Structure formats: structure tokens, C-alpha cells
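See structure below.
The values are calculated or read from the model by the stated rules, or taken from the named source; none is laboratory data. Since the model is a prediction, treat every value here as computed from it, not as a measurement. Positions of Cβ are backbone-derived with ideal geometry, glycine not excepted, and every protein chain shown enters the neighbour counts.
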Amino acid sequence: MLEVELKSRVRSLSDIRRQVARLGGVRVGKQIERDVYYRHPGRDFGLTGEALRVRSAGQESFVTYKGPRQPGIAKTRPEVQVTVGSARLMSNILQKLGFRVFGRVRKRRETYTLSGITVCLDQVEGLGSFVELEIIGTDRTAAQRRLLALARKLSLSGFLRESYLSMWLSRQKRARRQGACRQPGLDAGAASCDGARRAISFSRSANE
């Protein structure tokens, strides 16, 4: 199957939420997602364009393989995902096989369905607010056409092909150049003093 996705950075998730509701979107749920990405022991995912992720989302856990990206305005790549009983145990298995943690991303995700499209309103720790429109299927051209039509209705533009992990890694590099500070107990996504303050705020609001 192919994951076909449009992603935009937005200033206000509230505005998008209202527009989605006005268009008849159905709210699926809201939860904290913790993603851990792994480095392959035998090949460089940075060169092959692949990714391996273990996700904890509420009471569920998933392992996802993402293949190389395909050309086009939408981010399109093969995806295989399976449910696992425990993210912690899955991580333990991967590390025993030689995989190593490469990066972590944490976000608060609110999900809707609208006209057969998954709409995700994301508040990503250390990165900001984003909207993702996604279709899982086999016809990339048709999926991209449907995503662009909905994006126009939601006034989305400036589509990003970068993953949250890529954005996080770029932010880490900038933070190192600027002389980052770290605070004990924070997720690795809090790469700078400013990021650390946002991570604390994120953690507090997530627990409220």
C-alpha cells in the first residue's frame, strides 16, 4: 500500500478544526503519540530513503516500515504497519537485533475523517502546529488529486515533504551550532533552551 500525504504548517489548529467540522468531518479521537525511529545495523536509511518506526499511541503500539519516497507534490511512499502488544518489548527485540534508536518525536494528534481522507491536527513537541491530510491506497494520482482538493477547501498551502523526524534532526543541528542547553528528564526533542521550555509546557498540558 502507498501512504499519500500532504502536510502544512499552520498558525492555528482551532481555525482548521472549525473548517473541518463545517465540511462534515467526523472526529475519531485525540491522543499523545510517541514515535521512536531506528537505525538499521546493515544499511543506511538516509541513503535508501527508508524508515523504521515504533509508535505508542494511547493503549496501542505499532511498528511501521516506510519505503523510499516517490516524486510529486504529495509525500508518497510504500508503508507497511502492524500492531504489536508492547512498544517497549518491540524496542527490546529490535535493539537485540542490532537496531539502534535514531530519533524520537512526540506529538498531540487529533484525528478526523472527511470524505475518505484522514485529517490529522498535530501539535509536535519542539516543532509547532501542522495539518496532515492522508490517504492509504494504491492509486497515487487519484489520491493526490483528492488531497489537493481538500487542501484548497481548508486554505492549506506551503506543502512540506519533510517528515517530523527530518525537521527534528535539522533542529538538533541548528541547536548544536547555537550552543544548546539540556535539562534532565526531558525528551530528546527538547534540543535547545527554548525547546526545553516548550517541552515542559507540552508535558504539562498533555497531562491536564
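Could you list, in sequence order, all residues of segment 124-141 that are within 10 Å of the chain's Cα centre (by Cα) and not β-branched (Val, Ile, Thr)?
Matches in segment 124-141: 130, 132.
Looking only at residues in segment 7-45 that are among the small types (Gly, Ala, Ser) and surrounded by 12 or more Cβ atoms within 10 Å (Cβ to Cβ), which one is farthest from the chain's Cα centre (by Cα)?
Kept after step one, since they are among the small types (Gly, Ala, Ser), are these residues of segment 7-45: 8, 12, 14, 21, 24-25, 29, 42.
Keeping just the survivors that are surrounded by 12 or more Cβ atoms within 10 Å (Cβ to Cβ) gives 8, 21, 25.
On the way: 8: 12, 21: 22, 25: 21 Å.
Step by step, filter segment 7-45, then rank; the result is 21.
Restricting attention to segment 112-140, which residues are surrounded by 19 or more Cβ atoms within 10 Å (Cβ to Cβ) and either farther than 19 Å from residue 155 by Cα or of a type in the set (Val, Ile, Thr) (or both)?
Hits for segment 112-140 are 117, 119, 124, 125, 126, 127, 131, 135.
Which pairs do you get when a residue that is closer than 18 Å to residue 88 by Cα and among the aliphatic types (A, V, I, L, M), found in segment 31-43, comes within reach of a residue that is part of a loop (DSSP other than H, G, I, E, B) and modelled with pLDDT under 95, reach meaning Cβ atoms under 8 angstrom, with the pair 6+ apart or on two chains?
Note: pairs meeting the criteria are 32/58.
For segment 125-159, give me each residue that is under 30 Å from residue 103 (Cα atoms) and of a type in the set (Lys, Arg).
140
For the subset of segment 115-159 comprising residues that are out of contact with any Phe, Trp or Tyr (no Cβ under 9 Å at 6 or more places or on another chain) and among the hydroxyl-bearing types (Ser, Thr, Tyr), which member is nearest to residue 2 (Cα to Cα)?
138
Are any of the residues in segment 59-70 aliphatic (A, V, I, L, M) and surrounded by fewer than 14 Cβ atoms within 10 Å (Cβ to Cβ)? Lay out the reasoning, then the answer.
Applying the first criterion (aliphatic (A, V, I, L, M)) to segment 59-70 yields 63.
Adding the requirement that they be surrounded by fewer than 14 Cβ atoms within 10 Å (Cβ to Cβ) leaves none.
No, segment 59-70 contains no residue that is aliphatic (A, V, I, L, M) and surrounded by fewer than 14 Cβ atoms within 10 Å (Cβ to Cβ).
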